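Read through the structure below, which is laid out as C-alpha coordinates, and then see the notes.
The values are calculated or read from the model by the stated rules, or taken from the named source; none is laboratory data. Just so it is clear, the model here is predicted, and its values are computed rather than measured. With ideal geometry, Cβ positions are generated from the backbone for all residues, glycine too; neighbour counts draw on all protein chains shown. These accessible areas exclude ligands, DNA and RNA; they are computed on the full protein's heavy atoms, side chains included. Shrake-Rupley method; radii C 1.70, N 1.55, O 1.52, S 1.80 Å.
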Amino acid sequence: MRTVKKKILIVLGTRPEAIKLAPLIIEAKKNSAFEVNVCLTGQHQEMVRQIFDFFEINEDYNLSIMRPNQTLGHITSSILCELPAVIDKVNPEIIIVHGDTTTSFAAALCAYYSKTKVAHVEAGLRTWNKYSPFPEEINRKLTGSISDFHFAPTNLALSNLIKEGVPKDKIIVTGNTVIDALFLAKNKIENNKYESIQFDPLILNKQIVLITGHRRENFGDGFLNICKAVRNLAIRYKEVQFIYPVHLNPNVQKPVYEILNKDSNIHLIPPVDYKEFVFLMSKSYLILSDSGGVQEEAPSLGKPTLVMRDTTERPEALKAGTAKLVGTDANEIEKNVSILLENRDEYKKMSSAKNPYGDGLASKRILEMLEKS
Ligand code: UD1
Ligand code: UDP
(Lines give C-alpha, C1' and ligand atoms only; values in the text may rest on other atoms or scores of the structure.)
(Ligands and ions follow the chains in the order given, each with its own letter.)
Protein backbone atom coordinates (compact mmCIF):
# COMPACT_ATOMS: atom_id res chain seq x y z
CA MET A 1 0.00 0.00 0.00
CA ARG A 2 1.27 3.47 -0.93
CA THR A 3 2.03 5.58 2.12
CA VAL A 4 3.99 8.47 0.58
CA LYS A 5 1.72 10.81 -1.31
CA LYS A 6 2.54 11.72 -4.88
CA LYS A 7 3.29 15.45 -4.98
CA ILE A 8 1.69 17.26 -7.89
CA LEU A 9 1.92 20.91 -8.85
CA ILE A 10 -0.94 22.25 -10.96
CA VAL A 11 0.01 25.48 -12.77
CA LEU A 12 -2.61 27.67 -14.45
CA GLY A 13 -3.17 31.27 -15.40
CA THR A 14 -6.32 32.04 -17.36
CA ARG A 15 -10.10 31.68 -17.07
CA PRO A 16 -10.50 28.58 -19.28
CA GLU A 17 -7.64 26.79 -17.48
CA ALA A 18 -9.33 27.59 -14.15
CA ILE A 19 -12.69 26.24 -15.33
CA LYS A 20 -11.21 23.10 -16.87
CA LEU A 21 -8.75 22.33 -14.04
CA ALA A 22 -11.16 23.11 -11.17
CA PRO A 23 -12.81 19.64 -11.29
CA LEU A 24 -9.33 18.01 -11.35
CA ILE A 25 -8.17 20.09 -8.36
CA ILE A 26 -11.35 19.18 -6.44
CA GLU A 27 -10.97 15.43 -7.23
CA ALA A 28 -7.22 15.37 -6.54
CA LYS A 29 -7.72 17.04 -3.15
CA LYS A 30 -10.24 14.32 -2.22
CA ASN A 31 -7.78 11.57 -3.27
CA SER A 32 -5.40 10.45 -0.52
CA ALA A 33 -2.81 9.33 -3.11
CA PHE A 34 -1.89 12.95 -3.92
CA GLU A 35 -0.45 16.00 -2.25
CA VAL A 36 -1.86 18.83 -4.33
CA ASN A 37 -0.20 22.23 -4.81
CA VAL A 38 -1.81 24.88 -7.01
CA CYS A 39 0.16 27.75 -8.52
CA LEU A 40 -1.52 30.63 -10.35
CA THR A 41 0.76 32.50 -12.71
CA GLY A 42 -1.68 35.41 -12.46
CA GLN A 43 -1.83 35.78 -16.28
CA HIS A 44 -5.49 36.63 -15.56
CA GLN A 45 -6.48 38.16 -12.22
CA GLU A 46 -10.18 38.97 -11.84
CA MET A 47 -11.33 36.38 -14.36
CA VAL A 48 -9.59 33.51 -12.53
CA ARG A 49 -10.63 34.72 -9.06
CA GLN A 50 -14.30 34.64 -10.19
CA ILE A 51 -13.92 31.00 -11.20
CA PHE A 52 -11.97 29.93 -8.09
CA ASP A 53 -14.62 31.58 -5.88
CA PHE A 54 -17.39 29.76 -7.71
CA PHE A 55 -15.68 26.35 -7.34
CA GLU A 56 -14.55 27.20 -3.79
CA ILE A 57 -10.88 26.46 -4.41
CA ASN A 58 -7.71 28.39 -3.50
CA GLU A 59 -4.18 28.65 -4.80
CA ASP A 60 -1.06 27.92 -2.75
CA TYR A 61 1.14 30.24 -4.82
CA ASN A 62 0.43 33.25 -7.03
CA LEU A 63 3.08 34.76 -9.30
CA SER A 64 0.81 37.80 -9.98
CA ILE A 65 2.37 38.52 -13.37
CA MET A 66 -0.59 40.28 -15.07
CA ARG A 67 -0.01 43.75 -16.51
CA PRO A 68 -2.55 45.85 -18.43
CA ASN A 69 -2.46 44.98 -22.13
CA GLN A 70 0.42 42.58 -21.57
CA THR A 71 2.60 41.23 -24.38
CA LEU A 72 3.30 37.56 -25.07
CA GLY A 73 6.95 38.22 -24.25
CA HIS A 74 6.01 39.66 -20.85
CA ILE A 75 3.88 36.63 -19.95
CA THR A 76 6.53 34.12 -21.06
CA SER A 77 9.54 35.84 -19.53
CA SER A 78 7.83 36.60 -16.19
CA ILE A 79 6.80 32.96 -15.77
CA LEU A 80 10.28 31.72 -16.73
CA CYS A 81 11.75 34.03 -14.06
CA GLU A 82 9.19 33.44 -11.28
CA LEU A 83 7.98 29.84 -11.49
CA PRO A 84 11.32 28.00 -10.87
CA ALA A 85 11.38 29.18 -7.21
CA VAL A 86 7.95 27.59 -6.65
CA ILE A 87 9.05 24.38 -8.38
CA ASP A 88 12.18 24.28 -6.18
CA LYS A 89 10.13 24.81 -3.04
CA VAL A 90 7.40 22.25 -3.82
CA ASN A 91 9.72 19.74 -5.53
CA PRO A 92 6.80 17.97 -7.28
CA GLU A 93 6.95 14.59 -9.02
CA ILE A 94 4.64 15.86 -11.74
CA ILE A 95 3.63 19.30 -13.00
CA ILE A 96 0.17 19.50 -14.57
CA VAL A 97 -0.61 22.09 -17.24
CA HIS A 98 -3.66 22.60 -19.41
CA GLY A 99 -4.32 23.39 -23.05
CA ASP A 100 -2.64 26.08 -25.09
CA THR A 101 -2.14 29.32 -23.21
CA THR A 102 1.21 31.03 -22.78
CA THR A 103 1.02 29.99 -19.11
CA SER A 104 0.80 26.31 -20.19
CA PHE A 105 3.78 26.54 -22.52
CA ALA A 106 6.00 28.58 -20.16
CA ALA A 107 5.16 26.33 -17.18
CA ALA A 108 5.95 23.20 -19.23
CA LEU A 109 9.28 24.74 -20.22
CA CYS A 110 10.11 25.50 -16.55
CA ALA A 111 9.20 21.90 -15.67
CA TYR A 112 11.57 20.66 -18.37
CA TYR A 113 14.41 22.87 -17.11
CA SER A 114 13.95 21.34 -13.66
CA LYS A 115 13.67 17.82 -15.14
CA THR A 116 10.18 17.39 -13.67
CA LYS A 117 7.63 15.25 -15.51
CA VAL A 118 4.84 17.13 -17.29
CA ALA A 119 1.22 16.01 -17.63
CA HIS A 120 -0.74 17.85 -20.34
CA VAL A 121 -4.51 18.06 -19.95
CA GLU A 122 -6.48 18.77 -23.16
CA ALA A 123 -3.59 17.55 -25.30
CA GLY A 124 -3.57 17.01 -29.05
CA LEU A 125 -5.87 19.75 -30.38
CA ARG A 126 -4.59 21.06 -33.71
CA THR A 127 -5.61 23.28 -36.62
CA TRP A 128 -2.25 22.68 -38.40
CA ASN A 129 -2.11 26.45 -39.03
CA LYS A 130 0.57 28.05 -36.88
CA TYR A 131 -1.05 31.50 -36.91
CA SER A 132 -4.62 30.40 -36.22
CA PRO A 133 -5.37 30.46 -33.38
CA PHE A 134 -2.41 32.66 -32.48
CA PRO A 135 -0.38 31.87 -30.41
CA GLU A 136 -2.33 28.85 -29.13
CA GLU A 137 -1.46 26.41 -31.97
CA ILE A 138 2.25 26.74 -31.25
CA ASN A 139 1.76 26.89 -27.47
CA ARG A 140 0.02 23.51 -27.48
CA LYS A 141 2.51 21.91 -29.88
CA LEU A 142 5.48 23.05 -27.78
CA THR A 143 3.76 21.95 -24.57
CA GLY A 144 3.01 18.58 -26.16
CA SER A 145 6.60 18.06 -27.22
CA ILE A 146 7.78 18.57 -23.62
CA SER A 147 5.04 16.46 -21.97
CA ASP A 148 5.39 12.95 -20.53
CA PHE A 149 1.65 12.22 -20.17
CA HIS A 150 -0.93 13.36 -22.70
CA PHE A 151 -4.61 13.52 -21.73
CA ALA A 152 -6.45 13.74 -25.04
CA PRO A 153 -10.09 14.83 -24.80
CA THR A 154 -11.24 12.98 -27.94
CA ASN A 155 -10.14 10.23 -30.33
CA LEU A 156 -9.29 12.89 -32.91
CA ALA A 157 -6.87 14.54 -30.46
CA LEU A 158 -5.35 11.10 -29.81
CA SER A 159 -4.82 10.51 -33.53
CA ASN A 160 -3.19 13.97 -33.90
CA LEU A 161 -0.66 13.06 -31.21
CA ILE A 162 0.06 9.67 -32.73
CA LYS A 163 0.67 11.36 -36.11
CA GLU A 164 3.30 13.49 -34.36
CA GLY A 165 5.05 10.40 -32.99
CA VAL A 166 3.89 10.49 -29.35
CA PRO A 167 4.08 6.91 -27.96
CA LYS A 168 0.60 5.41 -27.63
CA ASP A 169 1.17 4.27 -24.04
CA LYS A 170 1.73 7.90 -22.99
CA ILE A 171 -1.72 9.02 -24.18
CA ILE A 172 -5.18 8.31 -22.83
CA VAL A 173 -8.50 9.57 -24.11
CA THR A 174 -10.24 11.10 -21.12
CA GLY A 175 -13.05 13.29 -22.44
CA ASN A 176 -12.74 17.01 -21.79
CA THR A 177 -12.73 18.19 -18.17
CA VAL A 178 -14.93 21.10 -19.31
CA ILE A 179 -17.82 18.63 -19.23
CA ASP A 180 -16.94 17.73 -15.61
CA ALA A 181 -17.08 21.49 -14.87
CA LEU A 182 -20.32 21.95 -16.79
CA PHE A 183 -22.02 19.14 -14.82
CA LEU A 184 -20.86 20.68 -11.51
CA ALA A 185 -22.27 24.07 -12.55
CA LYS A 186 -25.54 22.61 -13.88
CA ASN A 187 -26.07 20.76 -10.57
CA LYS A 188 -25.58 23.96 -8.61
CA ILE A 189 -27.99 25.83 -10.90
CA GLU A 190 -30.69 23.17 -10.73
CA ASN A 191 -30.35 22.40 -6.99
CA ASN A 192 -30.48 26.05 -5.96
CA LYS A 193 -33.20 26.98 -8.49
CA TYR A 194 -30.75 29.64 -9.66
CA GLU A 195 -31.94 33.03 -10.90
CA SER A 196 -29.74 35.35 -12.97
CA ILE A 197 -27.93 38.00 -10.96
CA GLN A 198 -27.67 40.18 -14.07
CA PHE A 199 -31.02 40.14 -15.82
CA ASP A 200 -34.69 40.08 -14.91
CA PRO A 201 -37.04 37.53 -16.49
CA LEU A 202 -38.53 40.20 -18.80
CA ILE A 203 -35.27 40.14 -20.75
CA LEU A 204 -34.44 36.45 -20.27
CA ASN A 205 -37.82 35.33 -21.61
CA LYS A 206 -37.09 36.97 -24.96
CA GLN A 207 -34.92 35.43 -27.68
CA ILE A 208 -31.29 35.78 -26.58
CA VAL A 209 -28.16 35.87 -28.69
CA LEU A 210 -25.20 35.37 -26.31
CA ILE A 211 -21.85 36.73 -27.50
CA THR A 212 -18.22 36.28 -26.44
CA GLY A 213 -14.95 37.11 -28.20
CA HIS A 214 -11.30 37.61 -27.36
CA ARG A 215 -8.97 35.95 -29.92
CA ARG A 216 -5.74 37.80 -30.67
CA GLU A 217 -6.02 37.05 -34.41
CA ASN A 218 -9.38 38.90 -34.41
CA PHE A 219 -7.98 42.15 -32.92
CA GLY A 220 -8.42 45.18 -35.16
CA ASP A 221 -10.55 44.54 -38.26
CA GLY A 222 -11.94 41.26 -36.96
CA PHE A 223 -13.48 42.91 -33.87
CA LEU A 224 -14.69 45.92 -35.86
CA ASN A 225 -16.50 43.54 -38.22
CA ILE A 226 -17.99 41.52 -35.36
CA CYS A 227 -19.28 44.72 -33.71
CA LYS A 228 -20.69 46.00 -37.02
CA ALA A 229 -22.57 42.73 -37.53
CA VAL A 230 -24.01 42.71 -33.99
CA ARG A 231 -25.12 46.36 -34.31
CA ASN A 232 -26.86 45.71 -37.65
CA LEU A 233 -28.56 42.62 -36.24
CA ALA A 234 -29.73 44.51 -33.13
CA ILE A 235 -31.27 47.23 -35.33
CA ARG A 236 -32.95 44.67 -37.59
CA TYR A 237 -34.23 42.35 -34.80
CA LYS A 238 -35.40 44.79 -32.12
CA GLU A 239 -37.08 42.14 -29.95
CA VAL A 240 -33.99 39.92 -29.83
CA GLN A 241 -31.71 40.61 -26.84
CA PHE A 242 -27.96 40.58 -27.51
CA ILE A 243 -26.10 39.77 -24.29
CA TYR A 244 -22.34 40.25 -24.37
CA PRO A 245 -20.09 39.68 -21.31
CA VAL A 246 -17.08 41.61 -22.57
CA HIS A 247 -13.61 40.09 -22.03
CA LEU A 248 -11.31 42.38 -19.96
CA ASN A 249 -8.62 42.58 -22.66
CA PRO A 250 -8.38 46.31 -23.62
CA ASN A 251 -8.14 45.31 -27.32
CA VAL A 252 -11.64 43.89 -26.92
CA GLN A 253 -13.14 46.43 -24.49
CA LYS A 254 -12.29 49.47 -26.65
CA PRO A 255 -14.09 48.59 -29.92
CA VAL A 256 -16.96 46.80 -28.19
CA TYR A 257 -17.84 49.63 -25.78
CA GLU A 258 -17.34 52.26 -28.48
CA ILE A 259 -19.51 50.63 -31.15
CA LEU A 260 -22.12 48.65 -29.20
CA ASN A 261 -23.27 51.10 -26.51
CA LYS A 262 -26.12 52.63 -28.49
CA ASP A 263 -28.96 50.11 -28.69
CA SER A 264 -31.30 49.15 -25.85
CA ASN A 265 -31.38 45.48 -26.92
CA ILE A 266 -27.57 45.15 -26.68
CA HIS A 267 -26.47 44.40 -23.10
CA LEU A 268 -22.74 44.83 -22.48
CA ILE A 269 -21.70 43.43 -19.10
CA PRO A 270 -18.40 42.53 -17.41
CA PRO A 271 -17.33 38.87 -17.56
CA VAL A 272 -19.65 36.80 -15.36
CA ASP A 273 -18.85 33.89 -13.07
CA TYR A 274 -19.19 30.37 -14.43
CA LYS A 275 -22.60 29.66 -12.90
CA GLU A 276 -24.10 32.81 -14.42
CA PHE A 277 -22.50 32.10 -17.80
CA VAL A 278 -23.78 28.51 -17.91
CA PHE A 279 -27.20 29.86 -16.91
CA LEU A 280 -27.08 32.47 -19.71
CA MET A 281 -26.02 29.80 -22.21
CA SER A 282 -28.95 27.63 -21.15
CA LYS A 283 -31.35 30.57 -21.63
CA SER A 284 -29.91 31.65 -24.97
CA TYR A 285 -31.39 30.94 -28.38
CA LEU A 286 -28.04 30.90 -30.14
CA ILE A 287 -24.43 31.74 -29.36
CA LEU A 288 -21.90 33.82 -31.31
CA SER A 289 -18.38 33.18 -30.09
CA ASP A 290 -14.72 32.72 -30.91
CA SER A 291 -14.10 30.89 -27.62
CA GLY A 292 -12.68 27.38 -27.46
CA GLY A 293 -14.49 26.37 -24.26
CA VAL A 294 -17.87 27.65 -25.46
CA GLN A 295 -17.57 25.44 -28.58
CA GLU A 296 -17.33 22.45 -26.24
CA GLU A 297 -20.10 23.45 -23.83
CA ALA A 298 -22.74 24.60 -26.31
CA PRO A 299 -23.36 21.20 -28.00
CA SER A 300 -24.15 19.68 -24.57
CA LEU A 301 -26.76 22.36 -24.03
CA GLY A 302 -28.21 22.06 -27.54
CA LYS A 303 -27.35 25.66 -28.41
CA PRO A 304 -26.44 26.42 -32.04
CA THR A 305 -23.07 28.15 -32.08
CA LEU A 306 -21.69 30.33 -34.83
CA VAL A 307 -17.91 30.31 -34.45
CA MET A 308 -16.37 33.65 -35.45
CA ARG A 309 -13.07 32.16 -36.57
CA ASP A 310 -11.58 30.84 -39.82
CA THR A 311 -10.27 27.61 -38.28
CA THR A 312 -11.14 25.43 -35.34
CA GLU A 313 -9.24 22.78 -33.42
CA ARG A 314 -12.60 21.46 -32.26
CA PRO A 315 -14.15 20.00 -35.43
CA GLU A 316 -16.17 17.50 -33.38
CA ALA A 317 -18.85 20.14 -32.75
CA LEU A 318 -18.97 20.99 -36.49
CA LYS A 319 -19.38 17.30 -37.28
CA ALA A 320 -22.12 16.94 -34.66
CA GLY A 321 -23.91 19.75 -36.55
CA THR A 322 -24.33 22.11 -33.58
CA ALA A 323 -21.57 24.55 -34.56
CA LYS A 324 -20.68 26.35 -37.78
CA LEU A 325 -17.56 28.34 -38.71
CA VAL A 326 -18.58 31.80 -39.93
CA GLY A 327 -15.30 33.76 -39.70
CA THR A 328 -15.33 37.49 -38.96
CA ASP A 329 -16.86 38.85 -42.16
CA ALA A 330 -19.80 41.05 -41.06
CA ASN A 331 -22.09 39.94 -43.92
CA GLU A 332 -21.43 36.28 -43.24
CA ILE A 333 -22.18 36.68 -39.51
CA GLU A 334 -25.40 38.61 -40.22
CA LYS A 335 -26.52 36.10 -42.85
CA ASN A 336 -26.02 33.10 -40.58
CA VAL A 337 -27.66 34.69 -37.53
CA SER A 338 -30.64 35.70 -39.69
CA ILE A 339 -31.03 32.15 -40.99
CA LEU A 340 -31.18 30.78 -37.44
CA LEU A 341 -33.59 33.49 -36.27
CA GLU A 342 -35.94 33.11 -39.24
CA ASN A 343 -35.76 29.51 -40.42
CA ARG A 344 -37.16 27.00 -37.87
CA ASP A 345 -35.97 23.98 -39.86
CA GLU A 346 -32.37 25.22 -39.96
CA TYR A 347 -32.58 26.07 -36.26
CA LYS A 348 -33.91 22.61 -35.38
CA LYS A 349 -31.09 20.94 -37.34
CA MET A 350 -28.49 22.72 -35.20
CA SER A 351 -30.17 22.68 -31.81
CA SER A 352 -30.40 19.04 -30.78
CA ALA A 353 -28.23 18.38 -27.71
CA LYS A 354 -25.18 16.31 -28.57
CA ASN A 355 -22.02 15.96 -26.58
CA PRO A 356 -18.88 14.81 -28.38
CA TYR A 357 -16.63 16.00 -25.53
CA GLY A 358 -17.05 13.64 -22.61
CA ASP A 359 -19.09 12.13 -19.82
CA GLY A 360 -18.01 14.21 -16.82
CA LEU A 361 -15.44 11.63 -15.64
CA ALA A 362 -12.33 13.04 -17.34
CA SER A 363 -10.71 14.21 -14.08
CA LYS A 364 -11.10 10.75 -12.51
CA ARG A 365 -9.43 9.11 -15.55
CA ILE A 366 -6.54 11.59 -15.42
CA LEU A 367 -5.91 10.91 -11.74
CA GLU A 368 -6.10 7.12 -12.28
CA MET A 369 -3.32 7.31 -14.88
CA LEU A 370 -1.22 9.66 -12.73
CA GLU A 371 -1.61 7.38 -9.70
CA LYS A 372 -0.31 4.40 -11.71
CA SER A 373 2.56 6.34 -13.32
C1 UD1 B 1 -5.58 34.47 -22.88
C2 UD1 B 1 -4.88 33.34 -23.63
C3 UD1 B 1 -5.84 32.66 -24.60
C4 UD1 B 1 -7.13 32.25 -23.90
C5 UD1 B 1 -7.71 33.46 -23.18
C6 UD1 B 1 -8.93 33.07 -22.40
C7 UD1 B 1 -2.52 33.51 -24.20
C8 UD1 B 1 -1.50 34.11 -25.07
N9 UD1 B 1 -3.78 33.88 -24.42
O10 UD1 B 1 -5.86 35.50 -23.82
O11 UD1 B 1 -5.23 31.51 -25.16
O12 UD1 B 1 -8.03 31.76 -24.86
O13 UD1 B 1 -6.75 33.99 -22.28
O14 UD1 B 1 -9.65 34.17 -21.95
O15 UD1 B 1 -2.19 32.74 -23.32
N16 UD1 B 1 -7.23 41.21 -18.28
C17 UD1 B 1 -7.63 41.79 -17.08
N18 UD1 B 1 -8.11 40.95 -16.10
C19 UD1 B 1 -8.21 39.61 -16.24
C20 UD1 B 1 -7.82 39.04 -17.47
C21 UD1 B 1 -7.32 39.87 -18.48
O22 UD1 B 1 -7.57 42.98 -16.90
O23 UD1 B 1 -8.66 38.92 -15.33
C24 UD1 B 1 -6.70 42.12 -19.35
C25 UD1 B 1 -5.30 42.65 -19.02
O26 UD1 B 1 -5.18 43.96 -19.51
C27 UD1 B 1 -4.39 41.71 -19.82
C28 UD1 B 1 -5.23 41.49 -21.05
O29 UD1 B 1 -6.58 41.38 -20.57
O30 UD1 B 1 -3.12 42.26 -20.09
C31 UD1 B 1 -4.87 40.33 -21.92
O32 UD1 B 1 -4.73 39.13 -21.20
P33 UD1 B 1 -3.92 37.90 -21.90
O34 UD1 B 1 -3.96 36.74 -20.97
O35 UD1 B 1 -2.60 38.38 -22.37
O36 UD1 B 1 -4.74 37.61 -23.21
P37 UD1 B 1 -6.18 37.00 -23.40
O38 UD1 B 1 -6.76 37.63 -24.62
O39 UD1 B 1 -6.93 37.07 -22.14
N1 UDP C 1 -17.09 32.03 -19.48
C2 UDP C 1 -17.41 32.52 -18.20
N3 UDP C 1 -17.84 33.82 -18.09
C4 UDP C 1 -17.96 34.65 -19.14
C5 UDP C 1 -17.62 34.14 -20.44
C6 UDP C 1 -17.18 32.83 -20.58
O7 UDP C 1 -17.31 31.79 -17.20
O8 UDP C 1 -18.34 35.81 -18.97
C9 UDP C 1 -16.57 30.65 -19.61
C10 UDP C 1 -17.17 29.77 -20.67
O11 UDP C 1 -18.27 29.04 -20.16
C12 UDP C 1 -16.02 28.84 -21.06
C13 UDP C 1 -14.79 29.67 -20.78
O14 UDP C 1 -15.22 30.79 -20.00
O15 UDP C 1 -15.94 27.71 -20.20
C16 UDP C 1 -14.17 30.12 -22.06
O17 UDP C 1 -13.14 31.00 -21.79
P18 UDP C 1 -12.53 31.98 -22.88
O19 UDP C 1 -13.53 32.19 -23.96
O20 UDP C 1 -12.01 33.15 -22.13
O21 UDP C 1 -11.27 31.16 -23.40
P22 UDP C 1 -11.08 29.98 -24.48
O23 UDP C 1 -11.97 28.85 -24.12
O24 UDP C 1 -11.37 30.56 -25.82
O25 UDP C 1 -9.63 29.65 -24.34
Give me the net charge of residue 218's neighbourhood, meaning all other residues with Cβ under 10 Å from the Cβ of residue 218; Lys, Arg count +1, Asp, Glu -1.
-1
HN-Hα J couplings of region 277-282 from phi, Karplus 6.51/-1.76/1.60, θ = phi - 60°, integer Hz, Gly and Pro as x?
5, 5, 4, 5, 4, 5
Rounded to the nearest whole Å², what accessible area per residue is found for the chain with the 1.4 Å probe?
42 Å²
Cα-based Rg and Dmax for region 288-373, where Dmax is the largest Cα-Cα distance (Å):
15.5, 54
Dipole magnitude of region 61-131, debye to nearest 20 (Cβ charges: Lys/Arg +1, Asp/Glu -1, about Cα centre)
140 debye
Taking the alpha-carbon centre of each part, the distance from region 161-191 to region 225-244 in Å is 34 Å
Rh_Kirkwood(region 58-138) over Cα pairs, Å, one decimal, evaluates to 13.6 Å
Please give the contour-minus-distance gain from residue 258 to residue 232: 0.36 nm per residue of separation, less the Cα-Cα distance, rounded to one decimal in nm.
7.9 nm
Ordering 81, 110 by the accessible surface of their heavy atoms, 1.4 Å probe, largest first, yields 81, 110
Which percent of the Cα-Cα distances in region 145-218 go past 19 Å?
63 percent
I need the peptides 204-215, 340-351 ranked by packing, meaning the mean over residues of other C-beta atoms within 10 angstrom, with the highest value on top.
204-215, 340-351
Return the distance in nm (one decimal) between the two label points of a simple spin-label model at residue 74 and residue 206, each offset 7 Å from Cα along Cα→Cβ.
3.8 nm
Only Lys, Arg, Asp and Glu count, each charged at its Cβ (+1, +1, -1, -1), so figure out the dipole size of region 228-371 about its Cα centre, rounded to 20 debye.
380 debye
Here Rg/Rh (Cα, Kirkwood) for region 1-76 equals 1.04
Suppose every Lys and Arg Cβ carries +1 and every Asp and Glu Cβ carries -1, with no other charges. What dipole size does the chain come out with about its Cα centre, to the nearest 20 debye?
460 debye
For residue 168, list the aspartates and glutamates whose Cα falls under 12 Å from its own Cα; do not include residues on the same chain fewer than 8 positions away.
148
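Given a Förster radius of 22 Å and the C-beta distance between residue 30 and residue 194 as r, what FRET efficiency does 1/(1 + (r/R0)^6) yield to the nearest 0.05?
Calculated value: 0.35.
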What pairs in 5/193; 30/186; 5/163 have C-alpha atoms more than 29 Å from each other?
5/193; 5/163
Please name whichever of 341, 257, 244 sits farthest to the positive end of the charge dipole of region 237-373, dipole taken about the Cα centre and charges placed at Cβ: Lys and Arg +1, Asp and Glu -1.
341
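To one decimal place, what orientation-averaged projected area in nm² is obtained for the convex hull of the Cα set of region 13-164?
9.0 nm²
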Probe radius 1.4 Å, ligands and nucleic acids ignored: give me the carbon and sulfur share of the accessible area of the chain as a rounded percent.
51 percent
Which distance in Å, rounded to a whole number, links the C-alpha centroids of region 120-137 and region 1-65?
23 Å
Among 269, 151, 219, the residue whose Cα sits farthest towards the positive end of the charge dipole of the chain, when +1 is placed on the Cβ of each Lys and Arg and -1 on the Cβ of each Asp and Glu, is 151
A convex hull over the alpha carbons of the chain yields, per residue, a volume in Å³ of 126 Å³
By a straight-distance test (C-alpha under 17 Å), which lysines pair with residue 254 as possible cross-link partners, with residues fewer than eight away in the same chain excluded?
228, 262
Ellipticity estimate at 222 nm from DSSP helix runs (n ≥ 4, -39,500 (n - 2.57)) divided over the chain, nearest 500:
-14500 deg cm²/dmol
Working with all protein chains in place, sort 186, 228, 372, 275 by solvent-accessible area computed with a 1.4 Å probe, largest first.
372, 228, 186, 275
